[in-house]
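Every number here is computed from the coordinates shown, using simple stated rules; none is lab data. No experiment lies behind these values; they were computed from the predicted model shown. Cβ: placed from backbone, ideal geometry, glycine included. Neighbour counts: every protein chain shown.
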Amino acid sequence: MRKRKKEIKKRHPSKPRHQTKSRHQTKSLGQIRVLVLQYVRQHEKEDIHTREVGEAVGAADALAFDLVEEILEQFVRERVLRRGKSRKSYYYEHKSKVMEGKFRRKAGKGHNFFFPDDGSDPIRVAERNSGHALDGDSVRVQLLAVRRGQEAEGEVIEITERVESTFVGVISINHGLSFLITDSNKLNNDILIPERNLNGAKDGEKVVVRVLEWPERAKNPVGEVLAIIGTPGDNDTEMHAILAEYGLPYVYPSSVEEYADGLDEQVALSDEFEREDFRDAPTFTIDPADAKDYDDALSIRRMKSGHWEVGVHIADVTAYVRPGDPIDKEAAERATSVYLVDRTVPMLPERLCNDLCSLREGVDRPAYSVIFEMNDQAKVLDYRITRTVINSNRRMAYEEAQAMITGAEGDYAEEVRNLNTLAQKLRQRRMKNGSIDFDRTEMAFELDEKGKPLEVYVKHSLEANKLIEEFMLLANQAVAQFVQHIRGEKTPPAFVYRVHDRPDEDRLHELSEFVQRMGYRLDYTGEHDSIAAAINRLLEEIQGKPEENMIEVLTIRTMAKAVYQTENIGHFGLGFADYTHFTSPIRRHPDMMVHRLLTRYMAGKPSVNKKELDEICKHDSEMENLASDAERTSIKYKQVEYMQERLGMEFEGVISGVKDFGIFVELTENGCEGLVPIRELDDDYYELDEKTYALVGYNHKRRYALGDKIRVRVARADLGRRQLDFDLAESEQ
């Protein structure tokens, strides 16, 4: 950048201030636009800063540079320029008027977008220009002419590849015509179901429908019923509907179950695995009280040297699941277990996840283990990765282990406290080295036998949870480091890493400006340590404050998403240069892959194909996101179900989101979130102030801003749409 600036000054030698200013004043806005466009075209695909462009076209004062910046921003809106690496840099990339990419459909306000294959910014596609494209279709889009000051738009001119689109809804049969009525946000239209395609579905039943075609002149797509889920409102029906909505399976294939039932329990304990015997080491599991599968255990004992030997023992799933067998194929497709409010939809058949691979108390079980030698300061002096046989002495719930940490006695209480002391030191060191300290909370429900929510509350992590977390993090990091340096090779073999990129600078800047308006500071220089340290200072400062959860959520949204990939770019949030997922092969396919790759490379075999492995990583990341979306949807459903019996009741809350259509409020008592529609704010005309995350009254200037305390009344609870609406309580009006 510096070198190019010097070259620019050669081409555009600086002149006395008065000369430059007078020259600039003689140019019209149109002429300046032309000069700016000429300059950026000369430096196609180079990251060009606003100041650089300003100097090139003769800007001499702050007003002139502001004008240049506005022209550059206008070119961004017109899709002539793309944003560069920093907040005030840009680059020019010539585009054809016709582009190829993916179409993403969102019902409601017609917020459809086209995502170009070249990775450039998405382009809005109005419903009238969507050409009946469905969400996920590959399309060709014609860029439309842009009015000055408006964003670019496109028109679908060809659907190059249809995706298989399925929708969940209720069958409506009236006067011989059958339609699927769906609340999906990816389709505005009902789906016509010819009688021959009903496949036994009856009026009022909730079903899954596949779109077969969408004729050019037809208002509605045509589909067929794939599966009948059940009666709307029934708990199983609604949970299965959520899974089907995200394309996730809700039943396990009987053929795979039968294959699993036929597995020999002793095959994983055979001599071929050369297992170390850890059955005499004090070993236990710590899990949720209602857990059915136990995929990790810890052991601890003093060594003759006075150091600690700590074993992180992980269920050896791949000793039972062989590449290409029916269980392996099913696990690869599912990629993850799915955790809804009232159930777990497992990645593996029950015989494996709840029996053969579950590290149950008092039973010999095969494990893949990382054995650490540590001193009293929790410094890792040495470690090894080996296959073992273990026998868990005790199955503990988190609450039981927590009681031991705080002084309760019982079997293995001393071991638990020793592990906790080491875990605390590991955590302190991790934070000092740049890990970000998010205090995770989760929604928890008490359900009756039919799945009806009796209580909703926010659950905080216990120290016992953090104990387990620290040793799982340590094992995951150790395995990634081991592969990075395996056999002393300069180029490590292809491997699955869990990576997390650094935050986007623009988002960090927006977060900094927002928290500053709330009286906090987020000072950073752009280096990892200072960003992490600044975020940790902020999180510590807001602890216990009403706005804590809201700012923490905003901070998390500032972060990039963690994904699986073969390129090791490190994990920003944890502050680790090397990190993978090794510790949950019962519920995560990437962990199974890590176990297999580890075995392969420890045996001296060559690297697998990196491109093929990256495709698996991509699929696993996508399925993880779908599973997370389904989990959040099930939480929302149960929240609405719970609040349905509390219509008219008033609650204290905090504004958790601000949109042009209303404000979202999270209730302080139970964490349930609902919307106060803007139509309920009828004392004024309200406008959205995006910079301050607030709705502001035009006449009276009343503000409803993110983080504000507010009192609301439960107005509507729509289970079908999973939507909770609030009114302002009398005291707020």
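Points to keep in mind about this one:
- Of all DSSP beta bridges in the chain, antiparallel share, percent nearest 5: 90 percent
- Greater than 31 Å apart at Cα, pairs in 85/466; 611/659; 102/219; 85/425; 329/561: 85/466; 611/659; 85/425
- Mean Cα-pair separation over length for region 374-458, i.e. relative contact order, pairs under 8 Å, 6 or more apart, %: 20 percent
- Charge context of residue 302, other residues only, Cβ under 15 angstrom, K/R +1, D/E -1: -3
- Based on DSSP H segments of at least four residues, each scored -39500 (n - 2.57), the chain has a per-residue ellipticity at 222 nm of -9500 deg cm²/dmol.
- Net charge of Cβ neighbours under 11 Å - reference residue 519; Lys, Arg +1; Asp, Glu -1: +1
- Once C-alpha pairs closer than 8 Å and six or more residues apart are averaged by separation and normalised to the residue number of the chain, the relative contact order reads 8 percent.
- Within-10-Å neighbourhood charge of residue 395 [Cβ basis; K, R +1; D, E -1]: -1
- Packing rank of 50-56, 502-508, 234-240, where each peptide gets the mean count of other beta carbons within 10 Å, highest leading: 50-56, 234-240, 502-508
- Ordering of 711-721, 358-368 by packing [mean C-beta count within 10 Å, highest first]: 358-368, 711-721
- Per-residue packing, averaged as other Cβ atoms within 10 Å, sorts the ranges 687-696, 128-137, 340-349 into the order 340-349, 128-137, 687-696, beginning with the highest.
- Violating pairs (Cα-Cα greater than 28 angstrom) within the set 636/709; 202/450; 452/545: 452/545
- For region 226-298 and region 30-79, distance of Cα centres in Å: 58 Å
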